[in-house]
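Report on one structure; see the data block that follows.
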Number of protein chains: 2
Amino acid sequence: MNLSSQRKATASSESLQRIFTVPEDSHSTLNIIEQKLSEDLAGFLGDNIVAKETSLANIETNFKAFKIPELPQFVSDYTDSMMANLVAHSVHTAAPTFIGHMTSALPYFVLPLTKLMAGLNQNLVKIETSKAFTPLERQVLGMMHHLIYDLDESFYQSKMHSSVHSLGAFCSGGTVANMTALWAARNKLLKPEADFEGVTQEGIVAALRHYKYDDLAIMTSERGHYSLSKAADLLGIGRQNIISIETDEHNKVNVALMHQKATELQEKNIKVMAIVGVAGTTETGNIDPLTELAQLAREIGCHFHVDAAWGGASLLSKKYRHLLAGIELADSVTIDAHKQMYVPMGAGMVLFKDPSFSQSITHHAEYILRKGSKDLGRQTLEGSRPGMALLVHACLQIIGLNGYEILINNSIEKTHFFANKIKAHSEFELITEPELCILTYRYVPHKIQLALSDAIEQGNTYRVEQINKSLDLLTKYIQKHQREHGKSFVSRTRISPVKYQRNPTVVFRTVLANPLTTENILLKILEEQVEIAKLDTISLPQLMCLIDA
Amino acid sequence: MNLSSQRKATASSESLQRIFTVPEDSHSTLNIIEQKLSEDLAGFLGDNIVAKETSLANIETNFKAFKIPELPQFVSDYTDSMMANLVAHSVHTAAPTFIGHMTSALPYFVLPLTKLMAGLNQNLVKIETSKAFTPLERQVLGMMHHLIYDLDESFYQSKMHSSVHSLGAFCSGGTVANMTALWAARNKLLKPEADFEGVTQEGIVAALRHYKYDDLAIMTSERGHYSLSKAADLLGIGRQNIISIETDEHNKVNVALMHQKATELQEKNIKVMAIVGVAGTTETGNIDPLTELAQLAREIGCHFHVDAAWGGASLLSKKYRHLLAGIELADSVTIDAHKQMYVPMGAGMVLFKDPSFSQSITHHAEYILRKGSKDLGRQTLEGSRPGMALLVHACLQIIGLNGYEILINNSIEKTHFFANKIKAHSEFELITEPELCILTYRYVPHKIQLALSDAIEQGNTYRVEQINKSLDLLTKYIQKHQREHGKSFVSRTRISPVKYQRNPTVVFRTVLANPLTTENILLKILEEQVEIAKLDTISLPQLMCLIDA
């Protein structure tokens, strides 16, 4: 604790009035920090976040107090303590060498606009507290809808600002977006009919009784995001009723298998309420065969949702949007702007092909959300929420399609460059080929690669497993130590490659969406990994023993 | 469109690199706006938001384009257009004369901190992308938990930062907070047992079959927030199974009635999964008898949740926290920091008495949310989300308990002042007495008041209804015109006062949480309403006819 924090602030009506009206002077700590943020965000983060990792236990010591302090604190003292205890130990998500997350460097203009958004403090739940932000949000949803569905002008002119329609919903992130889509799909399927007032009024038990289904199911790829199970839990469907279908060697769902499963479910009188296609799996970035999934959904009469939380931004590239072909057949689509659209955290969206779709979740309340009003809160899962749409709006206008074309293409092409370098490198193994800008790989000493190939050729699965288990430890070792060194960061995950009999295999995972990540940085990251591997005095010798045995 | 927006920006790799690295110079439009925001937020909002209301249709004309623009736009041009089209028509939620919303003026320091939060761009879903923000968030939850439950030091020392415990969850707002609590309550009730794997795995239909219940229900006050019905819909329970219990003349739920209803439900084999107490109803600010509700919940063996989204902040006042007595008996509590805690939009919280409670909604995923990790995302409804906890943390430290004591007490006492002025005024009728800082009232010309009293005394309910219907029109007229004039704003709602046979009655509603709202402002608002009433050439003459008839 520094000296200044010993100063005593006092609370009085006057001092409190001041904090609501008079900012600190321009030489105050907080003001200086703000200026640095404005002048050079990357420099600020680089200077103030400590590179070398501190243990979580250490960080926690500064957040042990559990009583709200009695006495107020001076803003400058608070700022000092947060610079030392919070900022210093934050994760440098914007660093070009941190290629393991879905976060990136941000365009600098989003910072002052975030401040403007907070200052205006609009609440998007109802028009009375958002006014101009409501049409702005509707416009962003319209633009994203058009990006996906490309309907004609008259459609957007009549629906985009219509009080009885909704082209989608803003939400805090992809999880809530997926939940919203599945919620609306469930309610549309189990809609009111004759004496039955609908699942929304009567609940699932009554709904299944009325419609004479024994159960509900949602089919998706085994690579589907965990938010889908969470949604199934929340919606009362149950996690077991998320039917995970195996993927092929390119991590794309096997549609034939899904078809077969659909028949089985039908025979058991279990109604498939939705098929969820994945457009950009979180772990490998691959895209399901969306056109075929849409066809299957049509055949069995169910909702078709596409979770493009990560990959959806690729639609902004004319060159690569063909990778998502079929997305325009989806009934609903999730896209996160805080992933590849370069907006800060908290900007999820779900788009609805049919502007009447969300009527199945429409609700009203007396003092708010009046029928016929343009209150966005009538058709969102969340209630009060901030005007994040401004930041998406700004990026769309200031970066423009031309700008996104360059950004998205660069990311994808940089990933292909990296994949080629990994493949050409004698000590690395590319595990999944990139389709968008995610790939997975691992470090495998050349000798081990040869031994592994031999074992596979000989059909010696025991030996393959043995080697892979040791390689898992090595991969974990490298990933952990690289993170702790603080220069660069790749994430790690476990996937089940077809070539290894679908045995779970630990891999490095990189996400190359940061425009500031250069090819040179990527090469350096490989070099660092080679160096770290040499330090592993357990797994590596074990591996060598294995192949000498 | 101003001249400068005709300029053409171009997209190139270089220009894009610049927007990720080089801010505009200090004389740029955006920079100047930022400075004004910092120097004088109130002045900025007052100068740039146009007072006189523009029609929504007019505002929408600037948000008609539905195609993402091809060409990028200069930041300054974009900023100019947003100042004219967005900021100018935003709602001045911070104005001391706008007393109809739950938004308030903000302490100035939250603006630079919001910018810092966006710049750090942490993702609280997992420790890997939040690090120091995770302990900070846990600390805020610990402090709020302590504020409600006041458990001993050893409890907080062992549970606050424990990877297998959780004292609560941050979320975008009260709606998601309520949903989270009810989700966890449902899952805990319908937990795994013998061969049954729990509602989380198998869904509601299987769960009710296993536990041999015919249905589930949630009991709450008729003044319960609409998010409770939304949660019942989402969770597959059905809106009809929210059992709304009548309130007394002080808008407090009738516990005896609830008790009776509980017995009826039990006889029908419908399991009450939760009782929800309201601590600060959205429309009138009244608090349910929480101790009695807790007692009833214990008797019938159900979860007891308190929705204190609005009123929870009153716990920060030693003088008035007794109004919420019994809240410490709740199993879970919702509190919104973006309401009376002076944090910008997007800061909801739910607190759990039992730190193991949220295990019923715990989930894992491979590449993320590993078992035993301190990843907050394992126990939240939302996935990726921003570090809003920083702003709550800052307010708690910088304002302190002493500061909140003054703020909360002033709000409540200002509301009592206003209530007294309304009661003393011959042309106004106080409809609900304030308990916290919300009250409702309406304008009723003195003659009409007398006529109404007579009609009530005579038991002439037809006449009472007739007069009240015309008064409804008058109240709507005044509220609408006052809003349109743009000087001040009270909201309006419809409530069912006992004294008017529970007929829905339109009223003005004021929320007096803005520390900058003075007593003088309140008197001026009444004066303005008297003036506006005189302009009503339809309802007022009608009313006069009624009493002359």
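Here, each number is a calculation from the coordinates, and none is a lab measurement. Predicted model, so just to flag it, every value in this text is computed and none were measured. Because the Cβ atoms are built from the backbone with ideal geometry, glycine has one as well, and the counts that use them run over all protein chains shown.
Counting other beta carbons within 10 Å of each Cβ, put B:80, A:375, B:150, A:548 in order, fewest first.
Listed from fewest to most nearby Cβ atoms, that is A:548, B:150, B:80, A:375.
Counting only the backbone N, which residues of segment B:144-186 are under 16 Å from the spot 7 Å out from the Cα of residue A:64 toward its beta-carbon?
B:153-162
List A:146, A:225 from most exposed to least, where exposure is judged by having the fewest other Cβ atoms within 10 Å.
Ranking A:146, A:225 by Cβ neighbours within 10 Å, fewest first, gives A:146, A:225.
For residue A:485 and residue A:423, what does the FRET efficiency come to when R0 = 45 Å and r is the distance between their Cβ atoms, rounded to the nearest 0.05?
My answer for the efficiency is 0.95.
If you take every residue apart from residue A:423 with its C-beta less than 10 Å away from the C-beta of residue A:423, what net charge results, scoring Lys and Arg +1 and Asp and Glu -1?
-1
Compute the signed sum of charges (Lys and Arg +1, Asp and Glu -1) over the other residues within less than 13 Å, Cβ to Cβ, of residue B:357.
+3
Efficiency by 1/(1 + (r/R0)^6): what FRET value for residue B:530 and residue A:363, r their Cβ-Cβ distance, R0 = 41 Å, to the nearest 0.05?
It comes to 0.65.
For segment B:371-517, what percent of Cα pairs sit more than 28 Å apart?
Beyond 28 Å sits 42 percent of the P(r) for segment B:371-517.
Three principal axis extents, largest first, for the C-alpha atoms of segment B:278-337, in Å?
31, 22, 19
What is the Cα radius of gyration of segment A:97-246 over 2.2 N^0.38 Å, N being its residue count?
It is 1.32.
If you add up the charges near residue B:384, with Lys and Arg at +1 and Asp and Glu at -1, over every other residue whose beta carbon is less than 11 angstrom from its beta carbon, what do you get?
Its environment carries a net charge of +1.
How far is the Cα center of segment A:254-296 from the Cα center of segment B:243-283, in Å?
First find each Cα centre; the distance between them is then 43 Å.
Which distances, in nm and shortest first, link the residue B:530 label point to the same label point in every other copy, taking 7 Å along Cα→Cβ?
Counterpart label points of residue B:530 in the remaining copies fall at 8.7 nm.
Where the label is 7 Å out from Cα toward Cβ, how close does residue A:485 come to the same position in every other copy, in nm, shortest first?
List, nearest first: 7.0 nm.
Set the bar at 24 Å for Cα to Cα. Now go through A:230/B:67; A:64/B:374; A:268/B:230; B:499/B:524; A:469/B:374; B:52/B:423 and name every pair that lies beyond it.
A:230/B:67; A:268/B:230; B:499/B:524; A:469/B:374; B:52/B:423
Under the rule of -39500 (n - 2.57) per DSSP H run of 4 or more residues, summed and divided by the residues of chain B, what mean residue ellipticity at 222 nm is obtained, to the nearest 500 deg cm²/dmol?
-14000 deg cm²/dmol
Please label the shape of segment B:151-231 as rounded, prolate or oblate, based on the square roots a ≥ b ≥ c of the eigenvalues of the alpha-carbon gyration tensor (a/c under 1.5 means rounded; beyond that, a/b larger than b/c means prolate, else oblate).
oblate
Treat the protein assembly as shown as a sphere of radius equal to its Kirkwood radius over Cα pairs and apply Stokes-Einstein at 4 °C in a medium of 1.567 mPa s; give the translational diffusion coefficient in µm²/s, rounded to a whole number.
Calculated translational D: 43 µm²/s.
Viscosity 0.692 mPa s, temperature 37 °C: what is the translational diffusion coefficient of chain A from Stokes-Einstein with a Kirkwood Rh over Cα pairs, rounded to a whole number of µm²/s?
126 µm²/s
Using only Cα atoms, locate the centre of segment A:418-493 and the centre of segment A:15-38, then give the distance between them in Å, rounded to an integer.
If we compute the Cα centre of each part, the gap is 50 Å.
Rounded to the nearest 0.05, what FRET efficiency do residue A:295 and residue A:191 have when you use their Cβ-Cβ distance and R0 = 25 Å?
After rounding to 0.05, the efficiency reads 0.55.
Any aspartates and glutamates with Cα under 16 Å of the residue B:271 Cα? List them, leaving off those in the same chain fewer than 8 positions away.
Within the straight-line cut-off, residue B:271 pairs with A:202, B:214, B:215, B:299.
For B:75, B:253, A:255, which order do you get if you count the other beta carbons within 10 Å of each Cβ and list the fewest first?
Placing the least packed residue first, the sequence is A:255, B:75, B:253.
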